[in-house]
Amino acid sequence: MTKQELITQIKKKKSFLCIGLDTDIKKIPTHLLELEDPIFEFNKQIIDATKEFCVAYKPNIAFYESMGQSGWNSLQKSLDYIPKDIFTIADAKRGDIGNTSSMYARAFFENMNFDSVTVAPYMGSDSVTPFLEFKDKWAIVLALTSNKGGLDFQKIEGETGKQLFKQVLETSKEWGTDENMMYVVGATRAEELLEIRAIVPNYFLLVPGVGAQGGKLKDVAKYGLNKDCGLLVNSSRGIIYAGNDVDFTEKAKIEAQKLQQEMAVILSEAGI
């Protein structure tokens, strides 16, 4: 999917909502466990209930690969079921030396046909540039994460006094463009989006942490919105596990619609 196609969907749906398909066999409603593929059936019903309110789905790959071959099969079926006009993110956090990253890129872009992959930049350009060689595909680079342990390294200041996450942004933006790279920025540190926007004003930001992790949508929009919106705000648990009984899809739909309606107001006020 191209950047313009993504922007078009945001304007059409009046939404910049990304839904995380972090599907855990231990958390899905028990009545689904009787089915042949409960993971896919859960995802299918969540997609049916929420697709009109979101512009992206983000399966967390660990939840699927932990189940072996059956998990990969469920993931592929889920990916194939997502409407083609919705952006897809393989939340895999891959990143290795060049020839290995090339294999990761082929796996998710050629074999599975995701639109994007989250990538860890710790090994430098070798770990990211192989993902940028595919037409209309995206590398989503980890910059500033919302987990507590993210502070162990991301804010260390180098000899120049610049924090590591800022150095990651400034260096990596030279590897690609705002047409094939995005950045992960945690919602629980929304005020720091101002500094991030100063470095990467035109790039899309994937923002996890809204909802269950405590991030506030209004704060994310206040500091992170750009002229094209430039945000994909992710909610996982707050939507897909809003209910745990036979009515789980209805509750997921309510939560997704609630966020979409907030986003519609934000976009309208911004003239987008």
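The values are calculated or read from the model by the stated rules, or taken from the named source; none is laboratory data. Note that the structure is predicted; figures quoted are calculated from it, not measured. Cβ: placed from backbone, ideal geometry, glycine included. Neighbour counts: every protein chain shown. Surface accessibility is based on the protein's heavy atoms, side chains included, excluding ligands, DNA and RNA. Shrake-Rupley method; radii C 1.70, N 1.55, O 1.52, S 1.80 Å.
So, residue 159, is that one modelled with pLDDT of 80 or more, out of contact with any helix residue (DSSP H, G or I) (no Cβ under 6 Å at 6 or more places or on another chain), over 22 Å from residue 108 (Cα atoms) and surrounded by fewer than 22 Cβ atoms within 10 Å (Cβ to Cβ) or not? It is false that residue 159 is modelled with pLDDT of 80 or more, out of contact with any helix residue (DSSP H, G or I) (no Cβ under 6 Å at 6 or more places or on another chain), over 22 Å from residue 108 (Cα atoms) and surrounded by fewer than 22 Cβ atoms within 10 Å (Cβ to Cβ). Only one of the numbered conditions (1) in a helix (DSSP H, G or I); (2) out of contact with any Asp or Glu (no Cβ under 8 Å at 6 or more places or on another chain); (3) modelled with pLDDT of 95 or more is not met by residue 113, and that is (1). When the residues of region 80-94 are filtered to those that are over 16 Å from residue 134 (Cβ atoms) and touching a residue at least 24 places away in the same chain (Cβ under 8 Å), the one that is surrounded by the fewest Cβ atoms within 10 Å (Cβ to Cβ) is 83.
Each residue in region 1-41 was checked for being surrounded by fewer than 21 Cβ atoms within 10 Å (Cβ to Cβ), out of contact with any helix residue (DSSP H, G or I) (no Cβ under 7 Å at 6 or more places or on another chain), within 30 Å of residue 68 (Cα to Cα) and hydrophobic (A, V, I, L, M, F, W, C), and 2 pass. Condition check for residue 155 on (1) touching a Phe, Trp or Tyr at 6+ places or on another chain (Cβ under 9 Å); (2) in contact (Cβ under 8 Å) with a residue 24 or more places away in the chain; (3) not β-branched (Val, Ile, Thr): one failure, at (2). For the condition farther than 19 Å from residue 255 by Cβ, of a type in the set (Val, Ile, Thr) and in contact with a Ser or Thr (Cβ under 7 Å, 6 or more places away or on another chain), what is the one hit in 7, 39, 25, 82? Result of the check over 7, 39, 25, 82: 39. Do any helices (runs of 4 or more DSSP H) lying entirely in region 155-272 carry at least 3 residues that are closer than 23 Å to residue 20 by Cα and among the small types (Gly, Ala, Ser), and which ones are they? Filter on region 155-272 gives 248-269. Considering region 116-137, and only residues there that are β-branched (Val, Ile, Thr) and part of a helix (DSSP H, G or I), the residue that is least open to solvent (accessible area, probe 1.4 Å) turns out to be 128. Of the residues 173, 162, which single one is under 21 Å from the mean Cα position of the chain (by Cα), of a type outside the set (Phe, Trp, Tyr) and closer than 17 Å to residue 198 by Cβ? Just a single option satisfies the conditions, and that option is 173.
Within region 43-73, if we keep just the residues that are touching a residue at least 40 places away in the same chain (Cβ under 8 Å) and in a helix (DSSP H, G or I), the residue that is surrounded by the fewest Cβ atoms within 10 Å (Cβ to Cβ) turns out to be 48.
Contact map, region 114-131: first residue small (Gly, Ala, Ser), second residue assigned to a helix (DSSP H, G or I) and crowded, with 16+ Cβ neighbours inside 10 Å, Cβ cut-off under 8 Å, separation 6 or more or different chains; pairs are 120/127; 125/172; 127/101. When the residues of region 138-154 are filtered to those that are open to solvent by 50 Å² or more (accessible area, probe 1.4 Å) and in a helix (DSSP H, G or I), the one that is modelled with the lowest pLDDT is 152. Whether a residue is of a type in the set (Lys, Arg), under 21 Å from residue 51 (Cα atoms) and open to solvent by 40 Å² or more (accessible area, probe 1.4 Å) was assessed, and residue 251 passes this test.
Residue-level check: of (1) under 26 Å from residue 57 (Cβ atoms); (2) in contact with a helix residue (DSSP H, G or I) (Cβ under 7 Å, 6 or more places away or on another chain); (3) open to solvent by 50 Å² or more (accessible area, probe 1.4 Å), residue 218 misses just (2).
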